[in-house]
1. Listed residues G48, G14; which is more than 26 Å from K201 (Cβ to Cβ) and either at pLDDT below 95 or open to solvent by less than 70 Å² (accessible area, probe 1.4 Å) (or both)?
2. Which one is farthest from the ligand (Cβ to nearest atom), of the residues in segment 200-215 that are of a type in the set (A, V, I, L, M) and surrounded by fewer than 17 Cβ atoms within 10 Å (Cβ to Cβ)?
3. Give segment 161-190 a look and list any residue that's part of a loop (DSSP other than H, G, I, E, B) and either open to solvent by 80 Å² or more (accessible area, probe 1.4 Å) or free of Cβ contacts under 8 Å to residues at least 40 places away in the same chain (or both), or say none.
4. Does I121 satisfy the condition of being open to solvent by 10 Å² or more (accessible area, probe 1.4 Å), in contact with an Asp or Glu (Cβ under 7 Å, 6 or more places away or on another chain) and at pLDDT 95 or above?
5. In segment 31-75, what count of residues is obtained for those that are hydroxyl-bearing (S, T, Y), part of a helix (DSSP H, G or I) and more than 10 Å from the ligand (Cβ to nearest atom)?
6. Please name all residue pairs, on different chains or six or more residues apart, with Cβ atoms under 6 Å, provided the first residue is in segment 94-120 and is within 24 Å of K156 (Cβ to Cβ) and touching a residue at least 12 places away in the same chain (Cβ under 8 Å) and the second residue is of a type in the set (D, E, K, R) and within 6 Å of the ligand (Cβ to nearest atom).
7. So which residues in segment 41-88 are farther than 23 Å from G18 by Cα and among the polar types (S, T, N, Q)?
8. Taking segment 98-151 as the region of interest, how many residues are near the ligand (Cβ under 6 Å from one of its atoms) and in contact with a His (Cβ under 9 Å, 6 or more places away or on another chain)?
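The values are calculated or read from the model by the stated rules, or taken from the named source; none is laboratory data. Just so we're clear, the structure is a prediction, and the values are computed from it rather than from any experiment. Cβ placement follows ideal geometry from the backbone for every residue including glycine, while neighbour counts extend to all protein chains displayed. These area figures cover heavy atoms from the full protein model, side chains too; ligands, DNA and RNA do not enter into them. Shrake-Rupley method; radii C 1.70, N 1.55, O 1.52, S 1.80 Å.
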Amino acid sequence: LPLFERLERRIVDGERNGLEDDLDAAMQEKSPLAIINENLLAGMKVVGDLFGSGQMQLPFVLQSAEVMKSAVAHLEPHMEKDDSGGKGKLLLATVKGDVHDIGKNLVDIIVSNNGYDVVNIGIKQPIGAILEAAEEHEVDAIGMSGLLVKSTVIMKENLEEMNSRGLSERYPVLLGGAALTRSYVENDLDEIYQGDVRYAKDAFEGLHLMDRVMA
Ligand code: B1M
């Protein structure tokens, strides 16, 4: 297979042998971010489709996810960055009950490479832990990620909890993840949350929203 198709295939097959060499060759031709967006994420999409239609079993999905993570870790040091920090602080978490973190960690990379400080507290985070970390680190905004349909309900509950604790004015909220839709966030959740809640379809929209929050 040609190089870029092979990279996509590596994600689908969970094939790590020779991954770094292929990534190094790919970086001769395009930027690390273009490799992620155009080739690696295309592979993850195939994995999602195969899994969703019952043609791929969970352990293989996990292997694909591990190869994806290794690939991103190899590319990350080669990205253009302004990691001086100081533009503002974002807390990132995957919500309670949800283990998916590849997207959240991409948001972390993009936002922190563009002058922000990111406090990434990981997966399966209940709202109590999110709010505790937000207060401890004095963040400017809270970002929640979740890929399960169930997580969209958890996000709604989290916003209600923030309302009832009187924290909605204090924290603008960014939401992202495959199960969300723009209209659910911008209509339904916006109706519920007394503060500012916004939808990011990808990591770059997350960055732009941070720019707007801090403007
Ligand atoms: Co899971 N999984 N999974 N899985 N998995 C999905 C989400 C699913 C859609 C697959 C399918 O059926 N087609 C399905 C959910 C169905 C539903 O809820 N209706 C599903 C399921 C069912 C499950 C399990 C329940 C399976 C099981 O156990 N039987 C289980 C859940 C466990 C749990 O959470 N409690 C499970 C487990 C796993 C693995 C562990 C094997 C693995 C995750 C590994 C990991 O993350 N460390 C995994 C994977 C890899 C997937 C798919 C195939 C790929 C997800 C991914 O990484 N995509 C996924 C299929 C899919 O999404 N269509 C699937 C690439 C990533 C970059 O995209 O995270 O969407 P994404 O992030 C994007 C944007 O959404 C956005 O920016 C990113 C970059 O553009 N974004 C943000 C995300 N968060 C953001 C936050 C922001 C801003 C933007 O600001 C705060």
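1. Numbers: G48 fails: more than 26 Å from K201 (Cβ to Cβ).
None of the others qualify; the one that does is G14.
2. Quick first cut of segment 200-215, residues of a type in the set (A, V, I, L, M) only: 200, 203, 207, 209-210, 213-215.
If we keep only those that are surrounded by fewer than 17 Cβ atoms within 10 Å (Cβ to Cβ) too, we end up with 214-215.
Details: M214: 15, A215: 17 Å.
Checked segment 200-215; the qualifying residue farthest from the ligand (Cβ to nearest atom) is A215.
3. Within segment 161-190, the first condition is being part of a loop (DSSP other than H, G, I, E, B), and the residues that meet it are 165-172, 177-181.
Across segment 161-190, the qualifying residues are R165, G166, L167, S168, E169, R170, Y171, A178, A179, L180, T181.
4. On the way: open to solvent by 10 Å² or more (accessible area, probe 1.4 Å): yes; in contact with an Asp or Glu (Cβ under 7 Å, 6 or more places away or on another chain): no; at pLDDT 95 or above: yes.
Judged against the criteria, I121 is not a match.
5. In the first step, residues of segment 31-75 are kept if they are hydroxyl-bearing (S, T, Y); the result is 31, 53, 64, 70.
Filter again for part of a helix (DSSP H, G or I), leaving 64, 70.
Checking the rest, the ones that are also more than 10 Å from the ligand (Cβ to nearest atom) come to 70.
Count: 1.
6. Every condition considered, the pairs that remain are T94/D101; T94/K104.
7. S53, Q55, Q57, S84
8. Total meeting the criteria: 3.
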